[in-house]
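Inspection log for the structure reproduced underneath, given as structure tokens.
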Amino acid sequence: MADLSGLTAVITGAAGGIGTAMAEAFARAGARLVLVDIAETAGLAERLGPVHRHAVIDLEDPAAIAAGVERIGRETGIDILVNNAGLGIVFPAEKTEIDAFDRTMRINLRAPWLMAAGALPFLKVSGRGRIVNISSQAGVIAIEEHAAYGASKAGLINLTKVMAIEWARYGITANAIAPTVVETPMALVGWSGEKGEKARGDIPVGRFARPSEIAAAALYLASAEAGIVNGAVLMADGGYSVR
Ligand SMILES: NC(=O)c1ccc[n+]([C@@H]2O[C@H](COP(=O)([O-])OP(=O)(O)OC[C@H]3O[C@@H](n4cnc5c(N)ncnc54)[C@H](O)[C@@H]3O)[C@@H](O)[C@H]2O)c1
């Protein structure tokens with residue numbers, strides 16, 4: 001198991017299904033956590049132990065991100081940044097839902113960029129900085145009604161690759177994880193009943209991902225052992241995209 005003792009990990013979207021699983025896994029690995037969300041994560045931080053912190057930041061707000069990351073970096077340093085917060089609005093491509101499109105881009109694509117840029121000075125000081133971006137299989141393959149979401153997650157993959165080549169010289173790696181449907185309460189609402197059964201059947205392993213499996217993938221990419229893995233997209237999709 002990865003050993004993250006002595007390292008500070010900032011996890012965005014920590015109040016959500018996958019974020020909470022990541023917080024638990026990273027805490028077990030010995031990291032000191034800073035849990036970031038627009039929702040309150042004080043209770044989670046407290047449950048995981050006295051060294052952990054939390055910060056309420058609206059990731060749609062560039063000024064709030066800049067101030068928040070600067071404060072976190074000054075107070076705790078930043079060795080690992082997990083850009084996990086995300087928004088999953090879906091609609092057919094023919095519908096020009098401009099507000100939903102822009103909001104999706106602000107949260108899923110612009111925020112990870114601004115978080116990473118804000119964290120960069122601290123990741124440089126770390127000397128073994130890690131950026132893990134939570135993309136989606138929808139950023140790699142086409143899924144109906146995922147025009148905005150898929151475009152944001154595809155953009156996040158390319159952003160990851162650019163950061164990977166620009167910042168490797170500082171000992172920083174940047175990688176993305178592209179999960180299939182992950183069994184969080186939110187996701188199961190959209191993938192219930194017959195639609196869910198069919199989707200599961202289309203995945204070679206015959207099931208959706210578990211939050212703990214995405215957390216384990218993130219933990220690996222954040223570990224010292226993954227130092228040679230840079231600019232990669234780790235498909236966590238049960239083989240769906242290679243059919
Ligand atoms: N669950 C899935 O099936 C699935 C599949 C592939 C990828 N993903 C990605 O995994 C990540 C986590 O997803 P999840 O299923 O845990 O979702 P979730 O909705 O449970 O959690 C997302 C978190 O992001 C936070 N957030 C949203 N807008 C924010 C803002 N403006 N500022 C700060 N925080 C904000 C929310 O408060 C929430 O806690 C997302 O990026 C999602 O796109 C999820």
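The values are calculated or read from the model by the stated rules, or taken from the named source; none is laboratory data. For clarity, every value in this text was computed on a predicted model and none was experimentally measured. Methodologically, a virtual Cβ is constructed for each residue, glycine included, from the backbone with ideal geometry; neighbour enumeration extends over all protein chains shown.
Residue check, His52 against (1) within 14 Å of the ligand (Cβ to nearest atom); (2) surrounded by 17 or more Cβ atoms within 10 Å (Cβ to Cβ), all met but one. Which one?
Evaluating His52 over (1) within 14 Å of the ligand (Cβ to nearest atom); (2) surrounded by 17 or more Cβ atoms within 10 Å (Cβ to Cβ) leaves (1) as the failure.
Checking Leu114 against (1) closer than 30 Å to Ala142 by Cα; (2) out of contact with any Pro (no Cβ under 7 Å at 6 or more places or on another chain), only one condition comes out false. Which one?
Leu114 satisfies every listed condition except (2).
From Tyr220, Tyr240, which residue is among the aromatic types (Phe, Trp, Tyr) and under 18 Å from Thr20 (Cα atoms)? Reasoning before the result, please.
On the way: Tyr240 fails: under 18 Å from Thr20 (Cα atoms).
Testing whether each residue is among the aromatic types (Phe, Trp, Tyr) and under 18 Å from Thr20 (Cα atoms) leaves just Tyr220.
If I go through region 185-204 residue by residue, how many of them are within 15 Å of the ligand (Cβ to nearest atom) and either of a type in the set (Gly, Ala, Ser) or modelled with pLDDT of 95 or more (or both)?
As a first pass, look at region 185-204 and keep what is within 15 Å of the ligand (Cβ to nearest atom): 185-192, 195-196, 199-200, 202-203.
Still in the list and also either of a type in the set (Gly, Ala, Ser) or modelled with pLDDT of 95 or more (or both): 187, 190, 192, 196, 199-200, 202-203.
Total meeting the criteria: 8.
Determine, yes or no, whether Ala119 is in contact with a helix residue (DSSP H, G or I) (Cβ under 6 Å, 6 or more places away or on another chain), surrounded by fewer than 16 Cβ atoms within 10 Å (Cβ to Cβ) and either among the charged types (D, E, K, R) or at pLDDT 95 or above (or both).
Working: in contact with a helix residue (DSSP H, G or I) (Cβ under 6 Å, 6 or more places away or on another chain): yes; surrounded by fewer than 16 Cβ atoms within 10 Å (Cβ to Cβ): no; either among the charged types (D, E, K, R) or at pLDDT 95 or above (or both): yes.
The answer is no for Ala119.
So, in region 4-23, exactly how many residues are in a loop (DSSP other than H, G, I, E, B), more than 11 Å from the ligand (Cβ to nearest atom) and of a type outside the set (A, V, I, L, M)? Walk me through how you get there before you give the answer.
So in region 4-23, the residues in a loop (DSSP other than H, G, I, E, B) come out as 4-7, 13-16.
Filter again for more than 11 Å from the ligand (Cβ to nearest atom), leaving 4-7.
This time we only want the ones that are of a type outside the set (A, V, I, L, M), so: 5-6.
Going through region 4-23 one residue at a time, the tally reaches 2.
Restrict the check to region 75-87 and report whether at least one residue is in contact with a strand residue (DSSP E or B) (Cβ under 9 Å, 6 or more places away or on another chain), of a type in the set (D, E, K, R) and outside any helix (DSSP H, G or I). Even if it seems obvious, please write down each step before you answer.
Of region 75-87, the ones in contact with a strand residue (DSSP E or B) (Cβ under 9 Å, 6 or more places away or on another chain) are 75-86.
Add one more test, that the residue is of a type in the set (D, E, K, R), and what stays is 75, 79.
Next, only the ones that are outside any helix (DSSP H, G or I) stay: 79.
The answer is yes; a qualifying residue exists.
Among Gly129, Gly171, which is more than 20 Å from Ala216 (Cβ to Cβ) and either within 15 Å of the ligand (Cβ to nearest atom) or crowded, with 20+ Cβ neighbours inside 10 Å (or both)?
Numbers: Gly171 fails: either within 15 Å of the ligand (Cβ to nearest atom) or crowded, with 20+ Cβ neighbours inside 10 Å (or both).
From the options Gly129, Gly171, the qualifying one is Gly129.
Take the residues of region 146-158 that are under 13 Å from the mean Cα position of the chain (by Cα) and among the aliphatic types (A, V, I, L, M): which is surrounded by the fewest Cβ atoms within 10 Å (Cβ to Cβ)?
Checked region 146-158; the qualifying residue surrounded by the fewest Cβ atoms within 10 Å (Cβ to Cβ) is Ile157.
The conditions are (1) in a helix (DSSP H, G or I); (2) touching a helix residue (DSSP H, G or I) at 6+ places or on another chain (Cβ under 6 Å), and Ala151 fails exactly one of them. Which is it?
(2)
Could you pull out the residue among Phe26, Phe101 that is of a type in the set (Phe, Trp, Tyr) and over 21 Å from Glu225 (Cβ atoms)?
Numbers: Phe26 fails: over 21 Å from Glu225 (Cβ atoms).
Matching residue, one of Phe26, Phe101: Phe101.
Please specify each residue of region 174-190 satisfying the condition of being over 13 Å from Ser136 (Cβ atoms), surrounded by fewer than 24 Cβ atoms within 10 Å (Cβ to Cβ) and of a type in the set (A, V, I, L, M, F, W, C).
The answer is Met186, Leu188, Val189.
Starting from residues that are in a helix (DSSP H, G or I) and among the polar types (S, T, N, Q), keep the ones in region 93-126 and report whichever is nearest to the ligand (Cβ to nearest atom). Spell out how you get there, then give the answer.
Narrowing region 93-126 to residues in a helix (DSSP H, G or I): 98-126.
Next, from what is left, pick out any that are among the polar types (S, T, N, Q): 104, 108, 126.
Working: Thr104: 9, Asn108: 6, Ser126: 23 Å.
So, considering only residues that are in a helix (DSSP H, G or I) and among the polar types (S, T, N, Q), the one nearest to the ligand (Cβ to nearest atom) is Asn108.
So is Thr20 in contact (Cβ under 8 Å) with a residue 40 or more places away in the chain, hydroxyl-bearing (Ser, Thr, Tyr), closer than 26 Å to Ala224 by Cβ and touching a Ser or Thr at 6+ places or on another chain (Cβ under 7 Å) or not? Let's see the steps before the verdict.
Values: in contact (Cβ under 8 Å) with a residue 40 or more places away in the chain: yes; hydroxyl-bearing (Ser, Thr, Tyr): yes; closer than 26 Å to Ala224 by Cβ: yes; touching a Ser or Thr at 6+ places or on another chain (Cβ under 7 Å): no.
So Thr20 fails the test.
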